[in-house]
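> One structure is given below, represented as C-alpha coordinates, and several questions about it will come after.
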Amino acid sequence: MIFLPSMSIFNFCHRFVPCLADPATRSSLGLKAALVVLHIVYAGILFLFDSDLIEKTKQEPWSYTGLYLLLFVATLIQYFVASYSSPGYVLDAMRDVNEKNSLFRKASMLSKQPASSKNGSLVITVEGSQSERNIPGSNVTSWTKLVLDMYPPGMSVRTLTCSFCNVEQPPRAKHCHDCDRCVLQFDHHCVWLGACFGWGNHCRFWWYIFEETALCIWTGILYITSLKANISRAWWKDVIMILLLVTLSFAVIFLLLLLIFHSYLILTNQTTYELIRRRRIPYLRGIPERVYPFSEGVCRNLYKFCCARSSIYSLERLPTAMELEDKSRPYTCLGFLTCRCC
(Lines give C-alpha, C1' and ligand atoms only; values in the text may rest on other atoms or scores of the structure.)
Protein backbone atom coordinates (compact mmCIF):
# COMPACT_ATOMS: atom_id res chain seq x y z
CA MET A 1 0.00 0.00 0.00
CA ILE A 2 2.96 2.32 0.63
CA PHE A 3 4.82 1.31 -2.55
CA LEU A 4 2.01 2.02 -5.00
CA PRO A 5 1.51 5.72 -4.11
CA SER A 6 5.26 6.34 -4.27
CA MET A 7 5.37 4.74 -7.73
CA SER A 8 2.45 6.89 -8.85
CA ILE A 9 4.30 10.01 -7.65
CA PHE A 10 7.37 8.99 -9.68
CA ASN A 11 5.22 8.33 -12.77
CA PHE A 12 3.52 11.70 -12.31
CA CYS A 13 6.92 13.46 -12.12
CA HIS A 14 8.27 11.59 -15.15
CA ARG A 15 5.18 12.50 -17.16
CA PHE A 16 5.54 16.25 -16.61
CA VAL A 17 9.36 16.27 -16.39
CA PRO A 18 10.55 13.62 -18.89
CA CYS A 19 14.25 14.25 -18.19
CA LEU A 20 13.83 12.78 -14.70
CA ALA A 21 13.29 9.35 -16.25
CA ASP A 22 17.01 9.20 -17.08
CA PRO A 23 19.09 8.07 -14.05
CA ALA A 24 22.15 10.05 -15.21
CA THR A 25 20.07 13.24 -15.45
CA ARG A 26 18.58 12.63 -12.01
CA SER A 27 22.01 12.16 -10.43
CA SER A 28 23.33 15.28 -12.21
CA LEU A 29 20.41 17.39 -10.98
CA GLY A 30 20.86 15.92 -7.49
CA LEU A 31 24.53 16.94 -7.42
CA LYS A 32 23.67 20.45 -8.61
CA ALA A 33 21.00 20.80 -5.93
CA ALA A 34 23.40 19.48 -3.26
CA LEU A 35 26.11 21.96 -4.27
CA VAL A 36 23.68 24.89 -4.19
CA VAL A 37 22.42 23.79 -0.75
CA LEU A 38 26.02 23.49 0.47
CA HIS A 39 26.72 27.09 -0.58
CA ILE A 40 23.56 28.31 1.15
CA VAL A 41 24.41 26.39 4.35
CA TYR A 42 27.92 27.89 4.61
CA ALA A 43 26.72 31.45 3.95
CA GLY A 44 23.53 31.00 5.98
CA ILE A 45 25.33 29.75 9.10
CA LEU A 46 27.73 32.69 8.85
CA PHE A 47 24.94 35.29 8.73
CA LEU A 48 22.75 33.39 11.21
CA PHE A 49 25.41 33.22 13.93
CA ASP A 50 26.92 36.65 13.27
CA SER A 51 24.15 39.27 13.36
CA ASP A 52 26.67 42.08 12.91
CA LEU A 53 27.18 41.01 9.28
CA ILE A 54 23.49 41.51 8.51
CA GLU A 55 23.49 44.97 10.09
CA LYS A 56 26.63 45.98 8.18
CA THR A 57 25.08 44.78 4.91
CA LYS A 58 21.86 46.74 5.57
CA GLN A 59 23.71 49.93 6.45
CA GLU A 60 26.32 49.72 3.69
CA PRO A 61 25.09 47.50 0.80
CA TRP A 62 28.33 48.02 -1.16
CA SER A 63 30.55 47.31 1.82
CA TYR A 64 32.81 44.32 2.43
CA THR A 65 29.90 41.93 3.07
CA GLY A 66 27.86 43.38 0.18
CA LEU A 67 30.62 42.54 -2.27
CA TYR A 68 30.84 39.08 -0.71
CA LEU A 69 27.16 38.47 -1.48
CA LEU A 70 27.71 39.64 -5.06
CA LEU A 71 30.54 37.13 -5.45
CA PHE A 72 28.31 34.45 -3.91
CA VAL A 73 25.57 35.03 -6.50
CA ALA A 74 28.08 35.36 -9.38
CA THR A 75 29.71 32.04 -8.46
CA LEU A 76 26.39 30.18 -8.51
CA ILE A 77 25.47 31.78 -11.84
CA GLN A 78 28.86 30.84 -13.30
CA TYR A 79 28.38 27.29 -12.03
CA PHE A 80 25.18 26.84 -14.03
CA VAL A 81 26.58 28.68 -17.07
CA ALA A 82 29.57 26.31 -17.13
CA SER A 83 27.53 23.17 -16.51
CA TYR A 84 24.95 23.87 -19.22
CA SER A 85 27.32 25.19 -21.92
CA SER A 86 28.31 23.07 -24.90
CA PRO A 87 31.90 21.78 -25.08
CA GLY A 88 31.79 21.69 -28.89
CA TYR A 89 30.85 18.34 -30.38
CA VAL A 90 32.52 16.81 -33.44
CA LEU A 91 29.15 15.76 -34.87
CA ASP A 92 27.87 19.36 -34.69
CA ALA A 93 30.99 20.64 -36.45
CA MET A 94 30.57 18.05 -39.21
CA ARG A 95 26.88 18.88 -39.64
CA ASP A 96 27.72 22.56 -39.81
CA VAL A 97 30.26 21.88 -42.55
CA ASN A 98 27.80 19.70 -44.48
CA GLU A 99 24.87 22.13 -44.27
CA LYS A 100 26.84 25.20 -45.30
CA ASN A 101 28.58 23.33 -48.11
CA SER A 102 25.27 22.15 -49.56
CA LEU A 103 23.91 25.71 -49.40
CA PHE A 104 27.06 27.00 -51.11
CA ARG A 105 26.81 24.40 -53.89
CA LYS A 106 23.16 25.26 -54.51
CA ALA A 107 23.98 28.97 -54.69
CA SER A 108 26.85 28.24 -57.10
CA MET A 109 24.60 26.16 -59.35
CA LEU A 110 21.90 28.84 -59.43
CA SER A 111 24.31 31.63 -60.22
CA LYS A 112 26.28 29.36 -62.62
CA GLN A 113 29.49 30.63 -61.15
CA PRO A 114 32.51 28.54 -60.25
CA ALA A 115 33.11 27.96 -56.57
CA SER A 116 35.57 30.44 -55.17
CA SER A 117 36.69 31.52 -51.74
CA LYS A 118 35.00 34.92 -52.19
CA ASN A 119 31.43 33.73 -52.66
CA GLY A 120 30.39 32.85 -49.12
CA SER A 121 31.88 29.38 -48.79
CA LEU A 122 32.26 27.95 -45.33
CA VAL A 123 35.62 28.70 -43.78
CA ILE A 124 36.96 26.30 -41.19
CA THR A 125 39.94 27.81 -39.43
CA VAL A 126 42.76 25.31 -39.09
CA GLU A 127 45.23 26.48 -36.45
CA GLY A 128 48.81 26.58 -37.60
CA SER A 129 48.10 26.97 -41.31
CA GLN A 130 48.74 30.18 -43.17
CA SER A 131 45.51 30.08 -45.17
CA GLU A 132 41.88 29.30 -44.53
CA ARG A 133 40.56 26.19 -46.20
CA ASN A 134 37.47 26.02 -48.35
CA ILE A 135 35.45 22.82 -48.38
CA PRO A 136 34.83 21.54 -51.91
CA GLY A 137 33.21 18.29 -52.99
CA SER A 138 30.57 16.17 -51.35
CA ASN A 139 29.55 16.35 -47.72
CA VAL A 140 31.27 13.22 -46.45
CA THR A 141 34.49 13.59 -48.39
CA SER A 142 34.73 17.26 -47.44
CA TRP A 143 34.87 16.52 -43.72
CA THR A 144 37.08 13.48 -44.26
CA LYS A 145 39.53 15.46 -46.39
CA LEU A 146 39.58 18.30 -43.88
CA VAL A 147 40.39 15.91 -41.01
CA LEU A 148 43.02 14.00 -43.01
CA ASP A 149 44.78 17.26 -43.90
CA MET A 150 45.37 17.86 -40.19
CA TYR A 151 47.33 14.62 -39.79
CA PRO A 152 50.67 13.55 -41.32
CA PRO A 153 50.45 11.82 -44.73
CA GLY A 154 49.70 8.11 -44.59
CA MET A 155 46.97 8.20 -41.93
CA SER A 156 43.97 6.02 -42.82
CA VAL A 157 40.38 7.08 -42.30
CA ARG A 158 39.64 3.90 -40.34
CA THR A 159 42.11 4.77 -37.59
CA LEU A 160 40.61 8.26 -37.23
CA THR A 161 36.96 7.13 -37.15
CA CYS A 162 35.23 6.86 -33.79
CA SER A 163 33.76 3.39 -33.32
CA PHE A 164 30.85 4.83 -31.30
CA CYS A 165 29.87 7.97 -33.26
CA ASN A 166 31.12 6.72 -36.66
CA VAL A 167 32.63 10.15 -37.40
CA GLU A 168 36.22 11.14 -38.24
CA GLN A 169 37.91 12.77 -35.26
CA PRO A 170 40.20 15.76 -35.80
CA PRO A 171 43.31 16.04 -33.59
CA ARG A 172 42.64 16.56 -29.86
CA ALA A 173 39.08 15.21 -30.12
CA LYS A 174 37.93 12.27 -28.00
CA HIS A 175 34.77 10.28 -27.41
CA CYS A 176 33.26 10.96 -23.97
CA HIS A 177 31.55 7.82 -22.69
CA ASP A 178 29.49 9.81 -20.16
CA CYS A 179 28.04 12.16 -22.79
CA ASP A 180 28.22 9.45 -25.52
CA ARG A 181 29.59 12.03 -27.98
CA CYS A 182 32.93 13.02 -29.48
CA VAL A 183 34.16 16.33 -28.05
CA LEU A 184 36.46 18.82 -29.76
CA GLN A 185 39.66 19.47 -27.76
CA PHE A 186 38.37 17.18 -25.02
CA ASP A 187 39.61 18.13 -21.54
CA HIS A 188 37.58 16.08 -19.04
CA HIS A 189 34.09 15.13 -17.90
CA CYS A 190 33.31 16.74 -14.54
CA VAL A 191 31.05 14.72 -12.26
CA TRP A 192 30.35 17.67 -9.94
CA LEU A 193 29.10 19.87 -12.74
CA GLY A 194 27.58 16.98 -14.69
CA ALA A 195 29.07 18.22 -17.95
CA CYS A 196 31.85 17.65 -20.43
CA PHE A 197 34.49 20.32 -20.95
CA GLY A 198 36.42 20.96 -24.13
CA TRP A 199 36.94 23.54 -26.86
CA GLY A 200 33.67 25.40 -26.30
CA ASN A 201 33.45 25.75 -22.53
CA HIS A 202 36.87 25.15 -20.92
CA CYS A 203 37.20 28.92 -20.40
CA ARG A 204 33.89 29.03 -18.52
CA PHE A 205 35.08 26.12 -16.33
CA TRP A 206 38.29 28.00 -15.43
CA TRP A 207 36.35 31.10 -14.47
CA TYR A 208 34.03 29.02 -12.28
CA ILE A 209 37.03 27.48 -10.46
CA PHE A 210 38.53 30.96 -10.01
CA GLU A 211 35.31 32.41 -8.57
CA GLU A 212 34.70 29.36 -6.38
CA THR A 213 38.25 29.55 -4.99
CA ALA A 214 37.88 33.27 -4.24
CA LEU A 215 34.48 32.66 -2.60
CA CYS A 216 35.82 29.84 -0.38
CA ILE A 217 38.83 31.89 0.73
CA TRP A 218 36.61 34.90 1.47
CA THR A 219 34.14 32.70 3.39
CA GLY A 220 37.01 31.26 5.45
CA ILE A 221 38.23 34.76 6.32
CA LEU A 222 34.71 35.76 7.44
CA TYR A 223 34.43 32.61 9.56
CA ILE A 224 37.77 33.31 11.28
CA THR A 225 36.84 36.98 11.85
CA SER A 226 33.47 35.96 13.30
CA LEU A 227 35.05 33.40 15.65
CA LYS A 228 37.52 35.98 16.96
CA ALA A 229 34.88 38.68 17.47
CA ASN A 230 32.25 36.45 19.12
CA ILE A 231 34.29 34.02 21.17
CA SER A 232 32.09 34.48 24.25
CA ARG A 233 28.85 33.27 22.63
CA ALA A 234 27.31 29.77 23.00
CA TRP A 235 29.92 27.01 22.69
CA TRP A 236 27.88 24.89 20.29
CA LYS A 237 27.85 27.71 17.74
CA ASP A 238 31.65 27.84 17.86
CA VAL A 239 31.86 24.07 17.40
CA ILE A 240 29.63 24.20 14.30
CA MET A 241 31.62 27.05 12.78
CA ILE A 242 34.97 25.36 13.51
CA LEU A 243 33.81 22.11 11.87
CA LEU A 244 32.60 23.99 8.81
CA LEU A 245 35.87 25.94 8.70
CA VAL A 246 37.94 22.73 8.77
CA THR A 247 36.00 21.20 5.86
CA LEU A 248 36.20 24.52 4.03
CA SER A 249 39.99 24.55 4.37
CA PHE A 250 40.20 21.18 2.58
CA ALA A 251 38.00 22.56 -0.21
CA VAL A 252 40.24 25.64 -0.55
CA ILE A 253 43.38 23.48 -0.87
CA PHE A 254 41.73 21.30 -3.53
CA LEU A 255 40.40 24.28 -5.50
CA LEU A 256 43.74 26.11 -5.38
CA LEU A 257 45.56 23.05 -6.73
CA LEU A 258 42.89 22.61 -9.42
CA LEU A 259 43.13 26.29 -10.40
CA ILE A 260 46.94 26.13 -10.65
CA PHE A 261 46.73 22.90 -12.66
CA HIS A 262 44.27 24.27 -15.23
CA SER A 263 46.18 27.56 -15.44
CA TYR A 264 49.28 25.55 -16.33
CA LEU A 265 47.30 23.69 -19.01
CA ILE A 266 46.08 26.98 -20.49
CA LEU A 267 49.56 28.55 -20.60
CA THR A 268 50.98 25.49 -22.40
CA ASN A 269 47.87 24.82 -24.56
CA GLN A 270 47.28 21.32 -23.22
CA THR A 271 44.24 19.44 -21.98
CA THR A 272 43.83 17.21 -18.93
CA TYR A 273 43.35 14.19 -21.18
CA GLU A 274 46.50 14.93 -23.20
CA LEU A 275 48.60 15.41 -20.07
CA ILE A 276 47.41 12.29 -18.25
CA ARG A 277 47.17 9.95 -21.27
CA ARG A 278 50.07 11.37 -23.26
CA ARG A 279 51.79 7.99 -23.82
CA ARG A 280 48.55 6.38 -25.00
CA ILE A 281 47.58 9.06 -27.55
CA PRO A 282 49.07 8.05 -30.94
CA TYR A 283 49.96 11.55 -32.16
CA LEU A 284 51.68 12.46 -28.83
CA ARG A 285 53.45 9.17 -28.16
CA GLY A 286 56.76 10.03 -29.86
CA ILE A 287 56.97 13.64 -28.62
CA PRO A 288 59.27 14.36 -25.63
CA GLU A 289 57.60 15.14 -22.30
CA ARG A 290 58.76 18.77 -22.08
CA VAL A 291 57.64 19.64 -25.62
CA TYR A 292 54.14 21.10 -25.99
CA PRO A 293 53.15 20.51 -29.63
CA PHE A 294 50.14 22.84 -29.72
CA SER A 295 51.66 25.71 -27.73
CA GLU A 296 52.14 29.01 -29.56
CA GLY A 297 53.64 30.91 -26.63
CA VAL A 298 52.08 32.10 -23.39
CA CYS A 299 50.48 35.27 -24.80
CA ARG A 300 48.98 33.58 -27.87
CA ASN A 301 47.74 30.65 -25.79
CA LEU A 302 46.00 33.05 -23.39
CA TYR A 303 44.48 35.03 -26.25
CA LYS A 304 43.17 31.90 -27.97
CA PHE A 305 41.74 30.57 -24.72
CA CYS A 306 40.05 33.77 -23.53
CA CYS A 307 39.30 35.88 -26.61
CA ALA A 308 39.39 33.79 -29.78
CA ARG A 309 36.42 31.53 -29.02
CA SER A 310 33.54 32.03 -31.45
CA SER A 311 30.82 30.16 -33.31
CA ILE A 312 33.37 29.28 -36.00
CA TYR A 313 34.93 25.92 -35.20
CA SER A 314 38.68 26.27 -34.79
CA LEU A 315 40.53 23.03 -35.49
CA GLU A 316 44.22 22.53 -34.76
CA ARG A 317 46.38 20.46 -37.09
CA LEU A 318 49.30 18.39 -35.89
CA PRO A 319 52.64 20.22 -36.05
CA THR A 320 55.21 19.15 -38.61
CA ALA A 321 58.56 17.58 -37.71
CA MET A 322 60.28 20.93 -38.33
CA GLU A 323 57.88 22.74 -36.00
CA LEU A 324 58.37 20.12 -33.29
CA GLU A 325 62.12 20.46 -33.61
CA ASP A 326 61.80 24.23 -33.20
CA LYS A 327 59.58 23.82 -30.12
CA SER A 328 62.03 21.36 -28.54
CA ARG A 329 64.95 23.82 -28.67
CA PRO A 330 65.94 24.99 -25.17
CA TYR A 331 65.26 28.59 -24.24
CA THR A 332 68.21 30.98 -24.32
CA CYS A 333 68.70 34.62 -23.31
CA LEU A 334 68.20 35.61 -26.95
CA GLY A 335 64.98 33.63 -27.04
CA PHE A 336 63.61 35.53 -24.05
CA LEU A 337 64.71 38.88 -25.52
CA THR A 338 62.94 38.07 -28.80
CA CYS A 339 59.84 36.97 -26.84
CA ARG A 340 60.02 33.39 -28.13
CA CYS A 341 58.07 32.19 -25.07
CA CYS A 342 55.24 34.60 -25.90
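> Being among the β-branched types (Val, Ile, Thr), surrounded by 14 or more Cβ atoms within 10 Å (Cβ to Cβ) and under 17 Å from Leu222 (Cβ atoms) is the filter; apply it to region 61-91 and report the residue that is modelled with the lowest pLDDT.
Thr65
> Any chance you could count how many residues in region 212-270 are farther than 30 Å from Leu315 by Cβ, in contact (Cβ under 8 Å) with a residue 12 or more places away in the chain and among the hydroxyl-bearing types (Ser, Thr, Tyr)?
Count: 5.
> Identify the residue in region 177-208 that is surrounded by fewer than 20 Cβ atoms within 10 Å (Cβ to Cβ) and of a type in the set (A, V, I, L, M, F, W, C) and, among all such residues, is farthest from Ser51 (Cα to Cα).
Cys179
> Let me ask something additional. Out of the residues in region 296-342 that are closer than 30 Å to Ser86 by Cβ and at pLDDT below 80, which is nearest to the chain's Cα centre (by Cα)?
Selected residue: Arg309.
> Next question. Output yes when any residue across region 311-318 is assigned to a helix (DSSP H, G or I) and basic (Lys, Arg), and no when none is.
No, region 311-318 has no match at all.
> Does Arg277 meet the test of being surrounded by fewer than 20 Cβ atoms within 10 Å (Cβ to Cβ) and closer than 30 Å to Leu91 by Cα?
When the stated conditions are applied, Arg277 passes them.
Quick grid of which residues meet (1) of a type in the set (Ser, Thr, Tyr); (2) assigned to a helix (DSSP H, G or I); (3) more than 17 Å from Phe72 (Cβ to Cβ):
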site	(1), (2), (3)
Glu211	no, yes, no
Tyr223	yes, yes, no
Lys228	no, yes, yes
Arg233	no, no, yes
Ile240	no, yes, yes
Leu248	no, yes, no
Ala251	no, yes, no
Phe254	no, yes, yes
Leu259	no, yes, yes
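> Within region 286-296, can one find any residue that is part of a helix (DSSP H, G or I) and open to solvent by less than 60 Å² (accessible area, probe 1.4 Å)?
For region 286-296, residues part of a helix (DSSP H, G or I) and open to solvent by less than 60 Å² (accessible area, probe 1.4 Å): absent.
> Step by step: first the residues of region 123-165, then only those that are aromatic (Phe, Trp, Tyr) and farther than 13 Å from Leu318 by Cα, then the one that is modelled with the highest pLDDT. Which residue is that?
Taking the candidates together, the pick is Phe164.
> Starting from region 158-182, take each residue that is of a type in the set (S, T, N, Q) and list its partners that are part of a loop (DSSP other than H, G, I, E, B), counting only C-beta distances under 8 angstrom and pairs at least six apart or across chains.
Within 8 Å, the pairs are Thr161/Val167; Thr161/Gln169; Gln169/Cys162.
> Considering only region 234-267, state which residues are exposed (fewer than 14 other Cβ atoms within 10 Å of the Cβ) and over 30 Å from Val41 (Cβ atoms).
Tyr264
The values are calculated or read from the model by the stated rules, or taken from the named source; none is laboratory data. The structure displayed is predicted, hence computed values, not measured ones. Quick reminder, even Gly has a Cβ in these numbers, built from the backbone with ideal geometry, and neighbours come from all protein chains shown. We work out accessible area using only protein heavy atoms, side chains counted, and drop any ligands, DNA or RNA first. Shrake-Rupley method; radii C 1.70, N 1.55, O 1.52, S 1.80 Å.
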